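Some notes on the structure that comes next.
The values are calculated or read from the model by the stated rules, or taken from the named source; none is laboratory data. Note that this is a predicted model, so its numbers are computed, not measured. We place every Cβ from the backbone using ideal geometry, glycine too, and count neighbours over all the protein chains shown.
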Amino acid sequence: MTRPDPAEVMAVIARRGRVLRAVDAEGVRKRTLVSELDVSRSTVDRSIRELESVGFIERADEGGYRRTLPGELALEEYDRFASCIDGVLSGIDVLSLLPADAPCDSRILDDATVVLAERHSPHVPVNHMSDLVARATRIWSVAPAVLPQQVSIYHERLTTSDLSARLTLTDAVVEHLVSRYETELREALATGNLDIRRTDQSLPYSLVAAETADGSEMGLLVYAESGVRGFIGNDDPDAFEWAKRQVNTYWDAATPLNGVADGSVTDNR
């Protein structure tokens, strides 16, 4: 059997997927397919010919047609691919705001929560991220911006609960925290539950990997010149692991912040 082109195989499944799904390991006759799928006999005939040509169905011993193991595996992969594309499309309005080379992974979009800021509800994306922080017991995060709502939640959770956080912040964010929120920053650092590193890298988004009482989750905030524009959240383990690895990449390259004294920071630079 000549090996078919993968693109052609994908097209066959897209065209003939209903028939491929309708047959089973025991065998289904053509007249049953016509009746169950409410299509013409000629459509079933064409579908069977195309699916046979790529080895996804075969004649059953007792008549009719059945799905082969390659057909089963190909259908599973097609469904995964379709789910991935659906996720990309669901997040396209948020992702389009990021540069093309921004680190990202399609797994964060599979069955994700995607929220855009609207004229009547500009703070909804930030509220989603703040809710994640409020529920977290442990956080790994990077951020290129700081918002008063987030400062308040981090401060409260660090000083009144068992939250521990490891944050990688841009130089500009660190300087802003020191100049505007020095008291809150010093109190949070004094708990011993907050570790901060500063980076001169350009960060394309705020990213949080969090452990909560209900499991692990991740959240991503995207910005535009007008402010926060969107949020993507996911509690899938693969999405969380990607977020944590990405945060750790920035952390490993950043400089530890040792403390705050007299309106300035001390670090290892």
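Structure values in brief
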read-out: Residue satisfying all of: in segment 198-223; over 15 Å from Lys244 (Cα atoms) and in contact with a Leu (Cβ under 6 Å, 6 or more places away or on another chain); surrounded by the most Cβ atoms within 10 Å (Cβ to Cβ) among these; value: Val222
read-out: Any hit, segment 221-234, residues being of a type in the set (D, E, K, R) and at pLDDT 95 or above; value: no
read-out: Helices (runs of 4 or more DSSP H) completely within segment 65-146 that count 3 or more residues being more than 21 Å from Trp251 (Cβ to Cβ) and without any contact (Cβ under 8 Å) to a residue 40 or more places away in the chain; value: 69-90, 124-135
read-out: Looking only at segment 3-34, and only at residues there that are basic (Lys, Arg) and part of a helix (DSSP H, G or I), the one that is nearest to Glu72 (Cα to Cα); value: Arg21
read-out: Filtered residue count, segment 158-174, keeping only those that are surrounded by 17 or more Cβ atoms within 10 Å (Cβ to Cβ) and β-branched (Val, Ile, Thr); value: 4
read-out: Pairs, first under 13 Å from Trp251 (Cβ atoms) in segment 189-201, second surrounded by fewer than 17 Cβ atoms within 10 Å (Cβ to Cβ) and acidic (Asp, Glu), C-beta under 6 Å, six or more apart; value: Arg198/Asp171
read-out: Selection status of Leu75, surrounded by fewer than 18 Cβ atoms within 10 Å (Cβ to Cβ) and of a type outside the set (Ser, Thr, Tyr); value: yes
read-out: Check on Ala143, in the same structural domain as Arg186 (by TED's automatic domain parsing) and either closer than 19 Å to Arg16 by Cβ or modelled with pLDDT of 90 or more (or both); value: yes
read-out: Members of segment 35-64 found to be in a helix (DSSP H, G or I) and of a type in the set (Val, Ile, Thr), listed by number; value: Thr43, Val44, Ile48
read-out: Single residue of segment 224-261 satisfying the filter (over 23 Å from Arg197 (Cβ atoms) and small (Gly, Ala, Ser)) that is surrounded by the fewest Cβ atoms within 10 Å (Cβ to Cβ); value: Ser226
read-out: Unmet requirement for Pro122, which otherwise passes all of (1) crowded, with 21+ Cβ neighbours inside 10 Å; (2) modelled with pLDDT under 95; value: (1)
read-out: Test: Leu177 is buried (at least 18 other Cβ atoms within 10 Å of the Cβ) and in contact (Cβ under 8 Å) with a residue 40 or more places away in the chain; value: no
read-out: Scan of segment 6-43 for residues that are under 11 Å from Tyr65 (Cα atoms), of a type in the set (A, V, I, L, M, F, W, C) and surrounded by 13 or more Cβ atoms within 10 Å (Cβ to Cβ), ordered by number; value: Val19, Leu20, Ala22, Val23, Val28, Leu33
read-out: Qualifying residue in segment 161-171 (condition: assigned by TED's automatic domain parsing to the domain that holds Asp236, among the hydroxyl-bearing types (Ser, Thr, Tyr) and touching a residue at least 60 places away in the same chain (Cβ under 8 Å)); value: yes
read-out: Subset of segment 191-222 (residues that are of a type in the set (Ser, Thr, Tyr) and touching a Lys or Arg at 6+ places or on another chain (Cβ under 6 Å)); value: Thr212
